[in-house]
Amino acid sequence: MGNKVLVVDDQGFMRKMLGAMLGKHGYEVVGETDNGTEALELCKTLSPDIITLDNILPDMIGLDLVQDLRENMEKLPRIIMISAVSKQEVIDEGVGLGVSKYLIKPFTEDQLVEALNS
Ligand SMILES: [Mg+2]
């Protein structure tokens, strides 16, 4: 299992926090972005092993990006959705699309590590 991570969240403090947590646990943040369009491009060029994905982005919702990734990537990275949206149907839809783990904000470092290791 590779350790290259792409961090996608429109909030700078969240990207910073995730970057610090990921680095502490041996993951390498290879890229970050605040929007879905760039996230798709970065996925193609950086081939991350894992994406942490916010669901509410300025240009699209994270679940739509998951759909785009499925259509555009030969190999889908592991996707850890990290969102304040806690509606069960959204979580179920994400899992149906191939999201590995769904973390609800605010989350703890332990929960993140557990999601990464699972
Ligand atoms: Mg957001």
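Can you tell me the mean projection area, over all orientations, of the convex hull of segment 4-117's alpha carbons? Units nm², please.
6.1
Where a ≥ b ≥ c are the square roots of the eigenvalues of the C-alpha gyration tensor, would you call segment 2-63 rounded, which needs a/c under 1.5, or, failing that, prolate if a/b is larger than b/c, or oblate?
Oblate shape, in that a/c is at least 1.5 and b/c is the bigger or equal ratio.
Where in segment 1-43 is the amide nitrogen less than 17 Å from a point lying 7 Å along the Cα-to-Cβ axis of D68?
Correct set: 6-11, 31-43.
Counting only other residues whose beta carbon sits under 14 Å from that of S47, what net charge do I get with K and R as +1, D and E as -1?
Spelling it out: positives minus negatives among the neighbours equals 0.
For the chain, with only Lys/Arg (+1) and Asp/Glu (-1) charged at the beta-carbon, what is the dipole magnitude about the Cα centre, in debye rounded to 20?
Charge dipole of the chain: 360 debye, to the nearest 20.
Defining a contact as two alpha carbons under 8 Å apart and six or more residues distant in sequence, what relative contact order in percent does segment 1-97 show?
Taking the mean separation of contacting Cα pairs over the length of segment 1-97, I get 28 percent.
Please list, by residue number, everything in segment 29-51 whose backbone N is under 13 Å from a paramagnetic label point 7 Å out along Cα→Cβ of I104.
None, by backbone N distance to the label point.
Sequence gap of 8 or more, or different chains, plus Cα separation below 25 Å: how many lysine pairs satisfy both in the chain?
17
We did not get these values from a lab; they are worked out from the coordinates using the rules stated. On a predicted model such as this, the values are computed, not experimentally measured, just so you know. Counting neighbours? That spans all protein chains shown, and the Cβs are built from the backbone with ideal geometry, glycine included.
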